[in-house]
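What follows is a short report on a single structure.
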Amino acid sequence: MKEFHVRIVAVALLFICIGIPIIYPFGLPISVSKETLDVYNYVESLNAGDIIYMTTDTGFSQIPEVGPPIVAFITHCFRNDIRIVHFCLSTEGGLVLNFLMPSVETSGKTYGVDWVELGYFSGEETALASLAISIKDMVSVDFYGNNLEDLPLMEDVDGAKDISLFVGVAGALTGGYIRQIGDPFDLMIIVLARAANAPALYPYVNAGQVKITVGVRGGAEYEMLINRPGEGLATTDVISIGHLLVVGGIIFGNSIFLYERVNKKRRGEL
Amino acid sequence: MSWIKRTEITLTIGSFAIVVMLLSNFVDIPVLDFISKILPEWSVIIASFALGVGAISTFVQNTDKIINKPAERPYSLVLIISLVFMFIVANVKGFEPIYKWTVNNVYQALTGTVSSLLAFFILTAAIRALRGRNLNASAMLVSTVLVILGNTPLMAGVWSGFETIKSWIMQVMNTASKRGIMISAAVGVLVMGFRVLIWLERGFYGRLGEE
């Protein structure tokens with residue numbers, strides 16, 4: 001079979017297998033992993049009124065993957081009256097959160113009282129180090145231009161000494177989170193990780209420094225735990241079909257490879 | 001040569017910053033504490049200026065391409081127009097709805113589309129590249145398939161063992177190898193920092209470091 005034909009068939013198969021569950025979800029079952037359950041239980045253990053730092057260090061291209069866990073996590077925090085100071089260490093993070101906030105359950109919550117958006121800080125880990133010491137030394141207005149002194153939430157928080165938890169998204173800067181926030185201030189770090197970054201975070205998870213959710217599946221599991229089905233659960237069918245398609249592709253490719261190898265041995269070419 | 005370009009000045013500033021930040025962790029001196037708080041704030045300001053320099057550099061390079069490289073002219077023109085348009089709508093009062101609409105409906109759709117191409121590449125790579133040519137490749141192949149099956153929500157309903165195997169691979173095999181890599185990377189960072197401190201490492205000072 002010509003390679004070109006294999007590629008056309010593979011692409012067509014992918015298009016069909018991913019397109020159908022998006023249009024007509026099957027509702028295939030999923031289970032909740034220990035990692036996601038640990039994150040959920042940790043948030044449940046926080047007290048009403050606790051303040052957390054949250055940073056969205058990701059771009060628009062990752063919204064399909066990290067959007068569901070972000071929405072589910074913030075909804076969970078708001079239900080438990082946990083207040084959020086949000087900033088971002090990537091250029092698009094603030095815009096990503098603005099894009100996702102309409103999907104979050106914010107009834108009864110007020111900007112400036114229950115959450116504050118500080119916007120983007122350049123410098124990644126050095127910015128984080130400064131924010132851990134004092135927000136008000138770094139900036140005097142929020143993302144929308146409001147004076148920090150006029151926001152009630154900012155009266156109760158200035159640095160990492162005033163927070164109960166640090167939450168990061170995507171996971172590429174987790175080492176920095178631990179160095180600047182987790183270890184110096186003895187705080188738990190939760191990372192709503194991309195599936196590609198999750199393997200690198202397991203040493204931290206096993207050491208007890210970090211708790212993670214993994215990719216869009218983690219978002220789906222979180223939506224199940226908070227009983228609020230959303231885009232994550234709607235995507236699990238696509239994940240199941242897509243993964244099985246990749247495994248099928250691996251088996252198919254290796255079958256062809258073994259067949260050619262056996263043929264070559266018979267012909268004496270190997 | 002101008003005295004301000006002398007290598008020793010650059011290297012001294014770098015070494016001073018390293019010594020101050022290191023000592024502030026071990027010694028409780030008010031002046032050191034003050035400087036160690038100020039330096040990260042200054043670096044945030046410098047990083048912000050670096051963003052601006054990047055934008056200006058992009059503008060200049062693509063303007064040059066529009067003038068001198070006809071083959072790349074259309075792409076550079078689109079980039080320049082987009083850059084100027086977004087700069088204006090982001091900074092001029094009253095254009096916030098246009099900015100928001102453009103980001104949420106144009107930029108988000110475009111970046112999502114480019115990222116989704118990854119699915120096609122992964123599938124074709126799975127068919128063509130992931131082959132058990134030898135023992136090492138076969139071991140990687142088997143673990144890849146087991147982890148993929150463990151991550152598939154549907155397979156947990158077929159057999160719970162897939163998740164158990166996947167967890168073992170991630171938490172034992174993967175963690176062990178990652179720890180080795182992280183420890184050796186940390187040792188490398190320590191050595192590199194010491195080399196910068198004693199002026200042996202000059203590469204990242206650019207042309208100033210070459211003298």
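If each residue's Cβ is checked for other Cβ atoms within 10 Å, how do A:Phe87, B:Phe87 rank with the fewest at the top?
B:Phe87, A:Phe87
Short version: ³J(HN,Hα) in whole Hz for each residue of region B:105-116, in order, from phi by Karplus 6.51 cos²θ - 1.76 cosθ + 1.60 (θ = phi - 60°), x for Gly and Pro, what are they?
Here the 3J(HN,Hα) series is 10, 9, 5, 5, 5, 5, 5, x, 5, 4, 5, 6 Hz.
Using θ = phi - 60° and the Karplus curve 6.51 cos²θ - 1.76 cosθ + 1.60, what whole-Hz ³J(HN,Hα) does each residue of region B:174-185 get, with Gly and Pro shown as x?
5, 5, 4, 5, 5, 4, x, 5, 5, 5, 5, 5
Among A:Ser240, A:Ser255, A:Ser164, determine the one that fluctuates most according to a GNM of chain A built with springs between C-alpha atoms less than 10 Å apart.
Result for chain A, Cα springs under 10 Å: A:Ser255 fluctuates most.
With a 10 Å Cβ neighbour count serving as the proxy for reagent exposure, in which order, fewest first, do B:Met170, B:Met21 appear?
Sorted ascending by nearby Cβ count, the order is B:Met21, B:Met170.
Using amide H atoms built in the peptide plane, which far-off residues or other-chain residues are under 5 Å from A:Gly119 H to H?
Those lying under 5 Å, H to H, from A:Gly119 are A:Cys88, A:Phe143.
So what's the convex hull volume per residue for the Cα atoms of the protein assembly as shown, in Å³?
224 Å³
Whole-Hz ³J(HN,Hα) for each residue in region B:150-165, computed from phi via Karplus 6.51 cos²θ - 1.76 cosθ + 1.60 with θ = phi - 60°, x for glycine and proline: what do you get?
Once rounded to whole Hz, the list reads x, 7, 7, x, 5, 5, 5, x, 6, 8, 5, x, 4, 5, 5, 5.
Based on DSSP H runs of at least 4 residues, each adding -39500 (n - 2.57), what is the mean residue ellipticity at 222 nm of chain A after dividing by all its residues, to the nearest 500 deg cm²/dmol?
Per the formula, -15000 deg cm²/dmol.
At a threshold of 8 angstrom on Cα-Cα distance, excluding pairs fewer than six apart, so keeping six or more, what relative contact order does chain B reach in percent?
Over chain B, the number comes to 21 percent.
Please report the net charge: other residues with Cβ closer than 11 Å to the Cβ of B:Tyr75, K and R +1, D and E -1.
+2
Any chance you could check the Cα centroid distance between region A:204-270 and region B:5-68 for me, in angstrom?
Value for the Cα centre distance between the two parts: 42 Å.
Would you calculate, for chain B, the mean residue ellipticity at 222 nm contributed by helices, counting each DSSP H stretch of 4 or more residues as -39,500 (n - 2.57) and dividing by all residues, to the nearest 500?
Helix-only estimate at 222 nm: -25500 deg cm²/dmol.
What residues qualify as long-range amide H neighbours of A:Lys211, i.e. H under 5 Å apart, gap of 5 or more or another chain, H built at 1.01 Å from N?
A:Ile189, A:Ile190, A:Val191
Which links in A:Lys136/A:Lys161; A:Lys34/B:Lys166; A:Lys34/A:Lys211; A:Lys211/B:Lys178; A:Lys34/A:Lys161 stretch past 22 Å when you go from one Cα to the other?
Among A:Lys136/A:Lys161; A:Lys34/B:Lys166; A:Lys34/A:Lys211; A:Lys211/B:Lys178; A:Lys34/A:Lys161, the Cα-Cα distance tops 22 Å for A:Lys34/A:Lys161.
All other residues with a Cβ under 13 Å from the Cβ of A:Asn98 taken together, and with Lys, Arg as +1 and Asp, Glu as -1, what is their net charge?
Net charge around A:Asn98: -3.
Determine the sum of side-chain charges near A:Gly208: Lys and Arg each +1, Asp and Glu each -1, restricted to other residues whose C-beta is under 15 angstrom from that of A:Gly208.
Residues close to A:Gly208 contribute a combined charge of -1.
What relative contact order, as a whole-number percentage, does chain A give when Cα pairs under 8 Å and 6 or more residues apart are counted?
Normalised by residue count, the contact order of chain A is 24 percent.
Values quoted throughout were computed directly from the atomic coordinates according to the rules given, and no laboratory measurement underlies them. Owing to the predicted nature of the structure, the values given are computational and were not obtained by experimental measurement. No Cβ is skipped: glycine too gets one built from the backbone with ideal geometry, and neighbour counts run over all protein chains shown.
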